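Read the structure below first, then the notes.
Each value in this text was obtained by applying a stated rule to the coordinates, not by laboratory testing. Everything numeric here is computed off the predicted structure, so don't read it as measured data. Cβ sites come from the backbone with ideal geometry, for glycine too, and all protein chains shown count toward neighbours.
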Amino acid sequence: MTTIILDNVWKEYEDRVVLERVNLALDDHEFLVIIGPSGVGKTTLLRLLLSQEQPSRGRILIDGEPIASEPTADRGVVFQRYSVFPHRTVLGNVMLGPQWAGAPILGRFFGARRRELESRAMALLERVGLADSARKYPAQLSGGMQQRLALAQALIMKPKVLLLDEPFGALDPGTRKSMHQLVRELWEENAMTIVMVTHDLSEAFLLGTRVIAVDRPRNDPQAPERFGATIASDFEAKFRSVRDSRRFEAEREKLRLTLVSADSTQNSLPGGISPVRALVKD
Amino acid sequence: MRRIINYAPRVGVRVILAALPFVAVLAIYLIASNARLAIEPNDKLMPAFATFWATLTRLATTIDKATNQYLFWWDTWLSLQRLFLGLGISALAGLVLGILVGFIPYLRATFEPFFAAFSLIPPLAVLPILFILFGLGEVSKIVLIVFGIAPFIIRDVMLRVASIPAEQIIKAQTLGANTWQMISGVVLPQVMPRLIDSVRLSLGAAWLFVIAAEAITAEGGLGYRIFLVRRYLAMDVILPYVAWITLLAFLMDWGLRRLAAAAYPWDRIKAA
């Protein structure tokens, strides 16, 4: 269970107000998408959630607790660029987080622990479709593959919240489409909360269960820095019932697959599996 | 007729073109030397290559009575020792201080302006101070090299640390890294190729300081020898020594480049 609450959050730089009166309560397992025009403070909002910056007023709570004042392992992140380490191989990148957590001085596992982590990392790479490139360096990967790697690297830490800062902004349309699919599936599988910033409206409504638009409701033409942006609109992009039914469908599908595979291994009837499949489908 | 910048030589032509200036310089020397030797067989300014060879074999294979050493090898050993100690200490100081000061904001605020000012002190101007403080022995020579090179390496490493994208550092923190792990796992490996590069760039300056220090006071060394035999116009020693120093510098540069390529393959991929 992960809930996020933003309680009257403001962000001001000296005399410039970037965000004002941001109030938001986010349920467990939401896919929140933040949209808005360029330079309005979408990314600032994400940075506040990441503790890369501190709110100048108000507070942010995750599961009722104020968030740490620096980035921590409970909030994973994927940026538009530079979120992987160029000096590590693909596999090395994914294995970094757990090794840092488990080996404070050397930052490196040995022996059985390492093999166990390696197989876990490989499984994750398999999941995001990078298993073939495990020994390559990030610079040898395409933009989409690098973002897949960044996702795997963040997911191995099992964060409560995954923050995505325009993660598909630099990708071509085809790659972007397959990335949408992947992120959507990972969100379902890991049952985590995702907060994503984008300026692509169709992407927002395709992926998000909740979409908020950030904009400046008040504007002083003489002093544009006087008023900040806030949540201008808040859409429930997928109704709760729809989402619950999707989850139900996903679980039923999983159940069907296990039944089918169990059946085909145990008693291999000639012409086989159709009766069970028909049974579960209805 | 295309623009001149659009003509590029083929591989074979390029090799020939690269060799051309070397061949030309040697040829000009040979012609001029021959012309002078034809007029005055004992000319000291432009000795023949045979004289170079004879002098060099004498220095390399006979024991000098005064010092009881093979002079050529002894000079080389002394100079290289000074050079490697100076460069090694500078590189280590540059790495440690550069990373710490570049990465930790409080240290950066404290020491960055100081290093910037420190690096502007001309090292040769403080050489007398070094001689007064450390005597005329090895210490003052090595301190001179460190004084001359370390500030440059520190600042270069600091710049490299600063150029690591903030996203990487934030990402490392979201993966649970502490400060030490970020230094050892993110900053240090990405700084190392740059450190090797800045040591390569410092080689010239390091040789300058070695030779300058040896010229003033030493018991041996390549620079010492050159300045010693200058009194006798012994070009047959000076020119081979200069060529030898150049060759040593080239080999070091080449070695460091190979080391960087072998130890940090990802750095070359990124550059490609």
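Based on the Cβ-Cβ distance of A:ARG226 and A:GLU65, what FRET efficiency does E = 1/(1 + (r/R0)^6) give at R0 = 30 Å, to the nearest 0.05?
0.35
Using a Debye calculation, one point per C-alpha and no hydration shell, please list log10 I(q)/I(0) for region B:130-272 at q = 0.10, 0.13, 0.16 Å⁻¹ in order.
-0.51, -0.75, -0.95
Tell me the trypsin sites (Lys or Arg not before Pro) within region B:1-84 that lie in a loop according to DSSP and have at most 10 other beta-carbon atoms within 10 Å.
B:ARG2, B:ARG3, B:ARG10, B:LYS65
Between A:ALA68, B:TRP180, B:ILE16, whose Cα lies farthest towards the positive end of the dipole of the protein assembly as shown when Lys and Arg beta carbons carry +1 and Asp and Glu beta carbons carry -1, centred on the Cα centre?
Working it through, the farthest residue towards the positive pole turns out to be B:ILE16.
Give the angle, between 0 and 90 degrees and rounded to the nearest 10, that separates the Cα long axis of helix B:71-103 from the longest principal axis of the Cα atoms of chain B.
20
Using a simple charge model, +1 on the beta-carbon of Lys and Arg, -1 on the beta-carbon of Asp and Glu, nothing else, what dipole does region B:136-254 show about its Cα centre, in debye to the nearest 20?
Taking the Cα centre of region B:136-254 as origin, the dipole is about 140 debye.
Which three extents, in angstrom, do the Cα atoms of the protein assembly as shown have along their principal axes, listed largest first?
110, 73, 62
Near B:GLU167, within a Cβ-to-Cβ distance under 10 Å, what is the net charge of the other residues, with Lys and Arg +1 and Asp and Glu -1?
Computed value for this residue: +1.
What average count of beta carbons from other chains do you get within 10 Å of the Cβ of residues in B:189-199?
Partner Cβ neighbours, averaged per residue: 1.
To the nearest whole number, what is the average tally of beta carbon atoms from other chains within 10 Å of the beta carbons of peptide A:74-86?
5
What is the Cα centroid distance between region B:38-99 and region B:112-132, reported in whole angstrom?
27
To the nearest 500 deg cm²/dmol, what mean residue ellipticity at 222 nm is calculated for chain A from DSSP H runs of n ≥ 4 alone, each contributing -39,500 (n - 2.57), summed and divided by the residues?
-13000 deg cm²/dmol
Quick one: what does P(r) look like for region A:4-237 with 10 Å bins over all Cα pairs, in whole %?
For region A:4-237, the binned pair fractions read 8, 31, 33, 20, 7, 1, 0 percent.
Using only helices, what value at 222 nm comes out for chain B when you add -39,500 (n - 2.57) per DSSP H run of length 4 or more and divide by the total residues, to the nearest 500 deg cm²/dmol?
Per the formula, -25500 deg cm²/dmol.
Could you tell me which residue out of A:GLY208, A:PHE109, A:ALA25 lies farthest along the dipole of chain A toward its positive end? Charges go on the beta carbon: Lys and Arg +1, Asp and Glu -1, centred on the Cα centre.
The listed residue farthest towards the positive side: A:PHE109.
Once the convex hull of the C-alpha atoms of region A:100-224 is built, how many Å³ does it hold per residue, rounded to a whole number?
Taking only Cα atoms, region A:100-224 has a hull volume of 180 Å³ per residue.
Using the C-alpha atoms of chain B, what convex hull volume per residue, in cubic angstrom, is computed?
Cα convex hull per residue, to the nearest whole number: 215 Å³.
Less than 15 Å Cβ to Cβ from A:GLY102, Lys/Arg counted +1 and Asp/Glu -1: what total charge do the surrounding residues give?
Charge balance in the 15 Å sphere: +4.
Let me check I have the definition right: for region B:15-131, take the eigenvalues of the Cα gyration tensor, multiply each by 5, take square roots. What are those semi-axes in whole Å, largest first?
Semi-axes (√(5λ), whole Å): 46, 23, 15.
Any chance you could list the semi-axes, whole Å, largest first, of the equivalent ellipsoid that the Cα gyration tensor gives for region A:91-140, using √(5λ)?
Taking √(5λ) for each eigenvalue gives 20, 12, 8 Å, largest first.
Counting pairwise Cα distances across region B:5-62, what percent come out greater than 19 angstrom?
That fraction is 53 percent.
With the contact rule set at Cα under 8 Å and sequence spacing of 6 or more, what percent relative contact order holds for chain A?
Answer for chain A is 25 percent.
Starting from the 7 Å offset along Cα-to-Cβ, what nm value, one decimal, do you get for the label separation of A:ARG16 and A:SER202?
My value for the distance between the label points is 3.3 nm.
With only alpha-carbon atoms in the gyration tensor, what are the semi-axes of the equivalent ellipsoid for region B:148-205, in Å, largest first?
After diagonalising the Cα gyration tensor, the semi-axes are 27, 9, 9 Å.
Which one, B:SER33, B:LEU124, B:ILE5, projects farthest toward the positive side of the charge dipole computed for region B:1-140 from Cβ point charges (K/R +1, D/E -1)?
Result: B:ILE5.
Among the listed pairs A:LYS11/A:LYS42; A:LYS158/B:LYS171; A:LYS42/A:LYS136; A:LYS136/B:LYS171; A:LYS177/A:LYS254, give every one whose C-alpha distance is greater than 22 Å.
With Cα atoms farther than 22 Å apart: A:LYS42/A:LYS136; A:LYS177/A:LYS254.
What is the dipole size for the protein assembly as shown, taken about its Cα centre, with +1 at each Lys and Arg Cβ and -1 at each Asp and Glu Cβ, in debye to the nearest 20?
That gives the protein assembly as shown a dipole magnitude of about 1340 debye.
For the protein assembly as shown, what is the percent of antiparallel DSSP beta bridges, rounded to the nearest 5?
In the protein assembly as shown, DSSP labels about 55 percent of beta bridges as antiparallel.
Could you size up the charge dipole of chain A around its Cα centre, putting +1 on the beta carbon of Lys and Arg and -1 on that of Asp and Glu, and report it in debye to the nearest 20?
Dipole size: approximately 800 debye.
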